[in-house]
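K.L.:
What follows is a single structure, and I will ask about it in a moment.
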Amino acid sequence: MLKYSIKRLLQSLFTLFIIVTIVFLLMRLLPEEGYFGASYEKLDEQQREAILTSMGLRDPIHKQLVNFYKNILTGNLGQSITFRPKVPVIDIIKDKVPYSLYFGLAAIGMSLSVGVTLGIAMAKNKNKFWDRFGTGYVVFIRAVPAAVYFLFLQLYITGIFKLPMLFDIDKPKTWILPVISMSLGGIASYAMWMRRYMVDELNKDYVKLARAKGLKSKSIMVKHIFRNAFVPMAQYLPASILFTIAGSIYIESLYSIPGMGGLLVEVIKRQDNTLVQALVLIYSSIGIVGLFLGDLLMAIFDPRINLDKKGGAR
Amino acid sequence: MGKGAVNKLTEVISNDLFQFAEYNEAEAKRGGYSNYSYWRSTWQVFIQNKVAVFLLTLMALLLIFTMIQPYLPNQKVPTEIHINPDTKLPLSNNPPDSEFLFGTNSIGQDLWSRIWSGARTSLLIGLIVGVWEAVIGITIGAMWGYIPWLDRPITEIYNVINNIPKTIILVLMTYIMKPSLYTMIIAMGLTSWIDMARFVRNLTVIIRDREYNLASKCLGTPTKRIITKNLLPYLVSVIMLSIALSIPQTIGYEVFLTYIGLGLPVSIPSLGNLINEGRLLMMAPTQRYQLIFPSIIISIITISFYMMGNVFSDAADPKNHV
């Protein structure tokens, strides 16, 4: 297992290198007007050149790339160039991450507990009330664009329960609605997959054997079916926990939460190369590590999964 | 067995039972003939579901209506700015009345015609991207899953493409080309197939080593034929579901792109930018209709496609056929 993990993480380093290099080059393909935003027209050619040189954009590309990697290896992610000029990237990120992290973790906790419970209830009462109710909910959430129902939630629920519309760090009440809105999608997908896998497991032979042995229905559900049904879902869990730091673009802008949501989009549009590169580096590492941890978690839940064996069934 | 019975047998056995039979196609077919047809059975199971038939009719009517709407009498041009005859100012934020069925927006354009024109744009994007995604995603996904030596390279390519933020590609595209309907379609098409490919790949990996495929391989069936005749028919139901889902997803994605400011320009109405325009006005209760009408249309379209896709994929599974 250890050997497998090391090999896989080393391979990921190479993938990471390619991703960051491609993003680095793509950012250099963008036109230079983008670096100036609205002030482009006001500057003359000389001033523009001076600014570009000070941003380090006049160095040859290979030199910029080598500098960038040298800095990363010493743990320096560089300074922001257009978003908040001369501020170290790490400080900008450090200020924003906690908000996204707390909201994200709360939302995951809520979607896991409610979603899995709903999924189990749906599987147990197949084609009865809870199943229909859950299916209706899943259809609604998956089919209506999030931008729309988030907005209506904010609009009407705040009115009904007299909750404030905007986020304020000192008022615990303002945390409720963003967390609920954020977890709605997660609840739907956990419930949907939980139901699917539970229903598939319910008809298997080992369940019949357990019944024949006289085990209580509840303990079959919890100890046998749930454990097996949760295996395919375990794959996605670590990545979704790690990705909470990326924040939610809709929710954070709706409730004015100063988190990470939308930061990547914003800095890409403003062509803040260093910040984009740093964020891509962070997010792709999370993605790769999340996938790897997901595999490990699957192997823990289901001891039959052997990651060391080469090529699987083939 | 008595002697009489043996005699009887020898009488029955005649020489012509030992003649070689000529191959007769009609005869051969008669034995194994059944009037089962896959697509007809799928259709029969599908139309048994009343909700699905209702939604199908609704979608058909909606599609026809969006097509012919501009040619109906008394329709306004979606980009025309209407002027208030008394004040000579644009007729902005006019609430719904008999003249403007859905009211007007903040610069005095007719929302009724903008919504239908927007639905036309969004459905067009959804359909083209959905079909494209299916064709490319399934082709690459099936090869990725079935051909062993392609697995490692495509997995690495997948990792790379999947981790490059799509926003960078979209921003680049809008710089290279002007923001238009086709930029949007190309930009979405460039990145959207990768999820479908991974989905098909996982399913292919699960069924590729079943006995019938090994048998087929031993008999020397070419890879292309194994993929198209042995693997893909098994996946029809799930693939249908994901195509049906990709249309609402594309519309949702378009709303998202407009939200982050990379969508279509306001001069080309789409459900995305109508919702975005409406969002800005939602704090004023009297103007909330500008968000509610496009939201209702978008919800009807997406829920219908989602439900129909679900029912259709159940119906496409031969186990559910009579």
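The values are calculated or read from the model by the stated rules, or taken from the named source; none is laboratory data. Just so you know, these numbers come straight off a predicted model, no measurement behind them. Neighbour counts run over all protein chains shown; Cβ positions are idealised from the backbone, glycine included. The protein model used for the area step is the full one, side chains on, heavy atoms only, and it has no ligands, DNA or RNA in it. Shrake-Rupley method; radii C 1.70, N 1.55, O 1.52, S 1.80 Å.
K.L.:
Please go through segment A:172-184 and pick out each residue that is more than 17 Å from A:Ile141 (Cα to Cα) and either open to solvent by less than 50 Å² (accessible area, probe 1.4 Å) or part of a helix (DSSP H, G or I) (or both).
P.N.:
Matches in segment A:172-184: A:Lys173, A:Thr174, A:Trp175, A:Ile176.
K.L.:
Can you name every one of the helices (runs of 4 or more DSSP H) wholly within segment A:1-104 that holds 3 or more residues which are of a type in the set (Lys, Arg), over 30 Å from A:Ile176 (Cα atoms) and within 14 Å of chain B (Cβ to nearest Cβ)?
P.N.:
In segment A:1-104, the matching helices (runs of 4 or more DSSP H) lie at A:2-29.
K.L.:
Here is a list of conditions, (1) within 11 Å of chain A (Cβ to nearest Cβ); (2) over 24 Å from the mean Cα position of the chain (by Cα), and B:Pro248 meets all of them except one; can you say which number that is?
P.N.:
So B:Pro248 meets the others, but not (2).
K.L.:
Out of (1) open to solvent by 30 Å² or more (accessible area, probe 1.4 Å); (2) small (Gly, Ala, Ser); (3) more than 25 Å from B:Gly272 (Cβ to Cβ), the odd one out for B:Ser41 is which?
P.N.:
All conditions are met except number (1).
This table checks each residue for (1) facing chain B (nearest Cβ under 9 Å); (2) in contact (Cβ under 8 Å) with a residue 60 or more places away in the chain; (3) open to solvent by less than 70 Å² (accessible area, probe 1.4 Å); (4) closer than 18 Å to B:Gly309 by Cβ.
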site: A:Gly136; (1), (2), (3), (4): no, no, yes, yes
site: A:Ile141; (1), (2), (3), (4): no, no, yes, yes
site: A:Val148; (1), (2), (3), (4): yes, no, yes, no
site: A:Thr158; (1), (2), (3), (4): no, no, yes, no
site: A:Lys162; (1), (2), (3), (4): no, no, no, no
site: A:Leu166; (1), (2), (3), (4): no, yes, no, no
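K.L.:
Also: For A:Leu254, state whether it is under 28 Å from A:Asn67 (Cα atoms) and crowded, with 18+ Cβ neighbours inside 10 Å.
P.N.:
Numbers: under 28 Å from A:Asn67 (Cα atoms): no; crowded, with 18+ Cβ neighbours inside 10 Å: yes.
No: the conditions fail for A:Leu254.
K.L.:
Can you tell me which residue among B:Phe305, B:Phe293 is touching a residue at least 24 places away in the same chain (Cβ under 8 Å), more than 11 Å from every other protein chain (Cβ to nearest Cβ) and either part of a helix (DSSP H, G or I) or surrounded by 17 or more Cβ atoms within 10 Å (Cβ to Cβ) (or both)? Spell out how you get there, then give the answer.
P.N.:
Values: B:Phe305 fails: more than 11 Å from every other protein chain (Cβ to nearest Cβ).
It is B:Phe293.
K.L.:
Oh, and also: Condition test on A:Met110, is it part of a helix (DSSP H, G or I) and touching an Asp or Glu at 6+ places or on another chain (Cβ under 6 Å)?
P.N.:
Numbers: part of a helix (DSSP H, G or I): yes; touching an Asp or Glu at 6+ places or on another chain (Cβ under 6 Å): no.
In short, no.
K.L.:
Here is a follow-up. Having 3 or more residues that are touching a residue at least 40 places away in the same chain (Cβ under 8 Å) is the bar; report the helices (runs of 4 or more DSSP H) wholly within segment A:185-266 that clear it. Spell out how you get there, then give the answer.
P.N.:
Working: elements: A:205-212, A:227-234, A:237-242, A:249-254.
Per the criteria, A:227-234, A:237-242, A:249-254.
K.L.:
Can you find a residue in segment A:227-239 that is open to solvent by 30 Å² or more (accessible area, probe 1.4 Å) and at pLDDT 85 or above?
P.N.:
So far as segment A:227-239 goes, no, none of its residues is open to solvent by 30 Å² or more (accessible area, probe 1.4 Å) and at pLDDT 85 or above.
K.L.:
Does at least one position in segment B:45-52 carry a residue that is in a loop (DSSP other than H, G, I, E, B), in contact with an Asp or Glu (Cβ under 9 Å, 6 or more places away or on another chain) and closer than 25 Å to B:Ile115 by Cβ?
P.N.:
The answer is no; no qualifying residue exists.
K.L.:
A follow-up question, please. If the requirement is being assigned to a helix (DSSP H, G or I), within 14 Å of chain A (Cβ to nearest Cβ), open to solvent by 60 Å² or more (accessible area, probe 1.4 Å) and more than 24 Å from A:Leu264 (Cβ to Cβ), which of these qualifies: B:Trp132, B:Trp149?
P.N.:
Of the residues listed, the single one that is assigned to a helix (DSSP H, G or I), within 14 Å of chain A (Cβ to nearest Cβ), open to solvent by 60 Å² or more (accessible area, probe 1.4 Å) and more than 24 Å from A:Leu264 (Cβ to Cβ) is B:Trp149.
K.L.:
Residues that are aromatic (Phe, Trp, Tyr) and out of contact with any Ser or Thr (no Cβ under 9 Å at 6 or more places or on another chain), at least 3 per element: which helices (runs of 4 or more DSSP H) completely within segment A:127-171 meet that?
P.N.:
Details: elements: A:129-143, A:146-152, A:158-161.
Counting at least 3 such residues, we get A:129-143.
K.L.:
Now for a different question. What about A:Gln79, is it touching a Lys or Arg at 6+ places or on another chain (Cβ under 9 Å) and surrounded by 12 or more Cβ atoms within 10 Å (Cβ to Cβ)?
P.N.:
Against the criterion (touching a Lys or Arg at 6+ places or on another chain (Cβ under 9 Å) and surrounded by 12 or more Cβ atoms within 10 Å (Cβ to Cβ)), A:Gln79 qualifies.
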